[in-house]
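I have placed the structure first, in the form of structure tokens, so that the comments after it can refer back to it.
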Amino acid sequence: MKRFFYFRLALQNILNNKKSYIPYILTVIGTVLMYYSFQCMADNPGIQDLRGGTVVSMIMGFGTFVVGLFAVIFLFYTNSFLIKQRKKEFALFNILGMEKRHLGRVLLWETLFVAIIGLAAGFCGGLLLTKLMYLFLLRLMDFPVQLGFYVSWSAFGSCVVLFGLIFLFTWLNALCQIHLASPVQLLQQQKAGEKEPRTKLLMTTLGVFCLGAGYYISLTTESPITALTLFFVAVILVIIGTYLVFTSGSIAWLKFLRSRKHYYYKTHHFISVSGMLYRMKQNAVGLANICILSTMVLVMLSATVALYAGSENMIHSQYPRELMVYAEQTTEDRADAYEERVSQYLQENGLAAQDVISYREMGGVMVREGNNLRGPVGAQDMLVSVEAHFMRLEDFRQMTDEALVQTLGTDQVYLLYRGKDIPGDTLGVSGLSFQIEDRMTFEEAGVDPAVLTDSYNVADVYVILVKDDGVLGQIKTAVDREIGVEDSIFYGCDPASDQLRYVYGFDLGDEAQVKEVQSQMANLLAEAGIPQGGIENRYDNMASYYEMNGGLLFLGIFLALLFGMAAVLIMYYKQISEGYDDRERYQIMQRVGLSRREVRASIRSQVLSVFYLPLVTAVIHVAFAFPIIVRLIALFNLNDVGLFLLTTVVTVLAFGLLYAIVYAMTARVYYRIVSE
Amino acid sequence: MALLEVSHLKKIYTTRLGGAKIQALKDVSFSVEAGEYVAIMGESGSGKTTLLNILAALDKPTVGEVLLEGRSLVALKEREISAFRRDNLGFVFQDFNLLDNFSVQDNIFLPLVLAGKSYEEMVKQITPLAHRLGIADILKKYPYEISGGQKQRTAAARALITAPRLLLADEPTGALDSRASEELLSLFADINRDGQTILMVTHSIAAASHAGRVLFIKDGQVFHQLYRASLRREEMYQRISDTLTTIATSSERRQS
């Protein structure tokens with residue numbers, strides 16, 4: 001019977017405080033929903049099937065961690081302000097004869113009540129949302145997505161544990177607050193208002209340092225593989241930095257504004273700066289949350305849209321022509337014989353090869369140290385590898401219209417490179433030394449890098465043009481001596497007998513014909529005496545490319561929607577709770593002679609800065625994150641910086657527009673509350 | 001011409017539910033000359049607050065006219081009201097109505113900032129006023145750091161800094177202890193002696209005894225008025241007290 005009493009009292013309390021409890025419960029529901037949906041996506045087995053599945057699931061796991069952290073900070077803060085608002089009520093109960101431990105029990109019931117409603121509604125919402133979003137996106141994007149709809153029980157589990165802990169701590173926090181104060185103190189505290197926050201120099205410095213360090217990592221990391229590991233470090237640094245700078249830096253900034261008398265003593269600056277300063281401690285965390293969520297939305301959308309839009313580009317870089325033949329142990333005679341047979345076959349069938357590419361080379365993965373290239377030894381070397389191609393000058397001359405040097409000596413080379421240039425005039429190759437006669441980038445040579453390179457667009461590429469087969473032979477011997485013949489990076493090449501790697505490709509312009517011709521190519525290879533070779537067509541891989549990049553895009557949009565929703569929720573919550581807080585202040589000011597028009601103007605000024613601060617910061621974050629994300633998407637074989645820049649700019653603009661709409665809506669709600 | 005002319009004010013509220021009509025003011029007429037110190041007394045529900053709200057242009061009468069220096073408050077357009085209030089009226093409220101997020105100085109500056117004055121001008125105006133009101137040392141403090149008396153003097157400074165035609169005070173001593181009340185009242189007497197017109201609503205006899213004239217309101221009309229003339233404070237106190245007793249007993253007699 002007694003228990004029943006506490007339960008009813010708790011319920012009654014929540015109903016009585018519904019003005020502040022409804023937004024709080026909505027926040028709980030929103031956070032649970034978000035955490036569940038995120039976990040659910042992270043657990044989704046379909047993720048592993050995506051291109052770069054390990055990278056994606058790593059990012060998702062990390063994202064779950066961030067969402068969890070976000071949930072802890074956000075709920076704890078909203079709850080502590082709720083408790084603060086209710087101190088007077090607690091004091092009254094206390095004075096009316098309720099002991100503090102009884103109050104604790106009432107609070108426990110209240111917490112349980114909120115927890116149960118929040119978790120239940122959050123789960124239902126999460127289930128519904130993931131399902132709806134899945135169907136919606138599937139319909140919208142019009143491609144088969146591998147990520148199936150999926151109910152994650154482990155996500156349920158971790159949700160219950162995480163939020164259980166959060167609620168336990170909010171309850172303990174409330175208990176502490178009640179136990180530490182006498183009823184009279186409790187009564188007065190609410191009236192005392194928030195004291196003006198102090199400028200915290202140490203925190204500001206630390207925050208700026210964290211931000212700087214995060215930005216520095218992004219700007220200086222060059223290798224995509226290290227970028228992957230350092231990316232998370234940078235993200236954590238930037239998140240910490242954002243919280244610190246928003247909480248302490250914003251106060252310093254507002255105080256600076258206040259000290260500028262001619263700026264401060266203008267009607268709407270006066271009201272908005274003082275208003276923001278007054279509540280900055282509470283404001284700052286919300287603003288930092290909005291900023292981080294906005295950054296995530298922007299990064300995920302721009303990157304996945306770029307990947308999707310860049311599918312064509314990726315396919316092209318992997319298949320520069322519709323039909324590609326890669327063969328080993330190919331002499332010049334065999335290559336000529338083969339090409340003759342192919343063109344004969346095409347002619348018989350009324351077809352013509354367009355944009356033919358054909359060259360022979362000796363290529364592999366090497367390590368560059370200064371101006372030396374050496375063979376890779378062990379796994380560690382593979383992380384810092386470059387792509388090296390050795391070709392005869394005369395073979396290369398057929399591929400470009402540019403005038404190259406006429407002749408090369410046996411110790412001279414001509415260098416073509418993508419990425420970083422080799423310093424100095426000499427080039428060492430596994431102990432051999434060559435004079436670099438001249439050098440050029442692919443662009444300068446007018447050669448499509450896709451034709452010559454075969455690694456993903458990750459590593460630097462060097463094409464080294466030499467005099468003749470003799471020099472190629474020397475190089476192979478030297479490199480093989482270094483790493484052992486059985487591990488040779490020049491597999492299937494033997495310059496001594498003119499056997500090199502052979503690349504041949506052309507366009508036909510029709511998928512069916514390409515496939516038809518492909519089926520004949522193996523026979524023709526054998527007829528020409530080429531022992532083995534791979535024959536691939538672009539179309540077989542196109543579908544899977546689109547499917548997988550589409551999967552990533554789906555994931556990106558899904559998460560962006562999720563984070564975007566969270567950001568909107570926070571904005572809305574902020575506006576409502578602050579509206580009620582500010583109402584009295586605006587009433588007083590109206591009595592002193594503030595007109596309705598001025599009220600609206602000063603609200604606009606205040607809400608505007610509160611709203612656009614996170615957006616502006618998010619855009620700065622995105623700008624600094626740009627270089628490291630360029631490296632990361634290079635792991636996905638996209639090397640089109642221009643395209644990524646375009647998608648980033650478009651995403652930022654679209655997001656900014658959406659943001660402005662949400663701003664207009666919440667500003668109206670705020671105004672209505674304040675002017676009631 | 002009188003500074004403030006109130007003629008035949010009538011105010012009828014219609015309750016939101018049911019549409020029952022409540023008459024707050026029946027027929028109030030009086031005038032205030034420039035430099036006068038007038039107290040309005042009356043019991044709760046007598047219509048004092050309604051009257052003050054109308055005088056402050058916060059509310060409009062159902063019938064009647066209020067003229068401040070010949071200008072009608074009733075006819076003011078919505079857009080002009082705020083500026084009019086800012087330029088011509090000063091307010092002191094029972095619960096101070098200071099803003100916690102402003103320092104004492106900024107609270108006092110508020111009406112000037114709203115009026116678009118420059119910072120230098122504001123500083124020039126606040127310095128003598130702060131000395132006069134004895135709050136020069138606490139200008140940098142915040143409302144939650146100062147005492148009730150200091151708060152009310154801050155509020156008075158805020159009301160006076162625009163040099164209003166009329167200072168309206170609503171139970172200014174209601175939330176103060178007796179010492180702080182006495183200080184504030186002698187302050188009001190001082191500034192009145194310097195020519196400031198004051199209209200104060202109160203039900204404290206002590207407060208009213210400082211005024212040059214006391215209007216008694218009962219059941220929505222002016223019931224009686226007392227002039228101080230050359231009376232000492234103690235005598236004035238006695239007169240007011242007697243009048244209130246008369247009012248109270250007369251209504252009792254009528255009831256019985």
The number of residues in the range A:1-51 that are outside any helix (DSSP H, G or I), over 22 Å from A:S152 (Cβ atoms), in contact with a helix residue (DSSP H, G or I) (Cβ under 9 Å, 6 or more places away or on another chain) and modelled with pLDDT under 70 is 1
I need the full set of residues from the range A:417-442 which are of a type in the set (A, V, I, L, M, F, W, C) and farther than 21 Å from A:P376 by Cβ, in order please. A:I436, A:M440, A:F442
Can you find even one residue in the range A:345-360 that is among the β-branched types (V, I, T), open to solvent by less than 10 Å² (accessible area, probe 1.4 Å) and in contact with a helix residue (DSSP H, G or I) (Cβ under 8 Å, 6 or more places away or on another chain)? no
For the range B:141-150, what are the residues that are modelled with pLDDT under 90 and more than 11 Å from chain A (Cβ to nearest Cβ)? B:I146, B:S147, B:G148, B:G149
Just give me the residues in the range B:14-43 being farther than 23 Å from B:Y227 by Cα, open to solvent by 40 Å² or more (accessible area, probe 1.4 Å) and touching a residue at least 12 places away in the same chain (Cβ under 8 Å), in sequence order. B:Q23, B:K26
Residues satisfying the stated conditions in the range B:200-239, i.e. in contact with a Lys or Arg (Cβ under 6 Å, 6 or more places away or on another chain) and aromatic (F, W, Y): B:Y227
So, in the range A:265-287, exactly how many residues are among the basic types (K, R), within 11 Å of chain B (Cβ to nearest Cβ) and touching a residue at least 40 places away in the same chain (Cβ under 8 Å)? 1
Taking B:H210, is it of a type outside the set (S, T, Y), under 25 Å from B:L55 (Cβ atoms), open to solvent by 80 Å² or more (accessible area, probe 1.4 Å) and under 21 Å from the mean Cα position of the chain (by Cα)? no
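So is A:Y573 out of contact with any Asp or Glu (no Cβ under 9 Å at 6 or more places or on another chain), under 26 Å from A:F70 (Cα atoms) and touching a residue at least 12 places away in the same chain (Cβ under 8 Å) or not? I'd like the intermediate steps shown before the answer.
On the way: out of contact with any Asp or Glu (no Cβ under 9 Å at 6 or more places or on another chain): yes; under 26 Å from A:F70 (Cα atoms): yes; touching a residue at least 12 places away in the same chain (Cβ under 8 Å): yes.
In short, yes.
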Which of (1) within 14 Å of chain A (Cβ to nearest Cβ); (2) open to solvent by less than 20 Å² (accessible area, probe 1.4 Å); (3) within 17 Å of the chain's Cα centre (by Cα) is the odd one out, the single condition B:L58 does not satisfy? (2)
Those residues of the range A:575-621 which are outside any helix (DSSP H, G or I) and not hydroxyl-bearing (S, T, Y) amount to A:G593, A:L594
Among the residues of the range B:125-149, the number that are assigned to a helix (DSSP H, G or I) and open to solvent by 50 Å² or more (accessible area, probe 1.4 Å) is 8
Would you point out the residue of the range A:288-320, among those that are β-branched (V, I, T) and under 21 Å from A:A234 (Cα atoms), that is farthest from the other protein chains (Cβ to nearest Cβ)? A:T304
Within the range B:170-186, is even one residue in a loop (DSSP other than H, G, I, E, B), of a type in the set (V, I, T) and touching a residue at least 24 places away in the same chain (Cβ under 8 Å)? yes
A:S158 being under 20 Å from A:T64 (Cα atoms), polar (S, T, N, Q), exposed (fewer than 14 other Cβ atoms within 10 Å of the Cβ) and modelled with pLDDT under 90: no
Report yes if A:L632 is farther than 30 Å from B:R85 by Cα, away from chain B (no Cβ under 14 Å) and either open to solvent by 40 Å² or more (accessible area, probe 1.4 Å) or not in a loop (DSSP other than H, G, I, E, B) (or both), otherwise no. yes
The residue that is surrounded by the fewest Cβ atoms within 10 Å (Cβ to Cβ), considering only those in the range B:108-124 that are more than 9 Å from chain A (Cβ to nearest Cβ) and touching a Leu at 6+ places or on another chain (Cβ under 9 Å), is B:E121
Answer yes if at least one residue in the range B:69-83 is within 23 Å of B:E182 (Cα to Cα), more than 10 Å from chain A (Cβ to nearest Cβ) and either touching a helix residue (DSSP H, G or I) at 6+ places or on another chain (Cβ under 9 Å) or open to solvent by less than 50 Å² (accessible area, probe 1.4 Å) (or both), and no otherwise. no
Within the range A:583-600, is even one residue in contact (Cβ under 8 Å) with a residue 24 or more places away in the chain and away from chain B (no Cβ under 14 Å)? no
Only one of (1) in contact (Cβ under 8 Å) with a residue 24 or more places away in the chain; (2) under 30 Å from A:F644 (Cα atoms) fails for A:E312. Which number is that? (1)
Leading residue by the ranking (surrounded by the fewest Cβ atoms within 10 Å (Cβ to Cβ)) among those in the range B:153-180 that are over 16 Å from B:P111 (Cα atoms) and in contact with a Leu (Cβ under 9 Å, 6 or more places away or on another chain): B:D170
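The values are calculated or read from the model by the stated rules, or taken from the named source; none is laboratory data. Quick caveat, the model's predicted, so the values are computed rather than measured. Glycine gets a Cβ as well: all are built from the backbone with ideal geometry, and neighbour counts include every protein chain shown. Heavy atoms of the whole protein, side chains included, go into the accessibility calculation; ligands, DNA and RNA do not. Shrake-Rupley method; radii C 1.70, N 1.55, O 1.52, S 1.80 Å.
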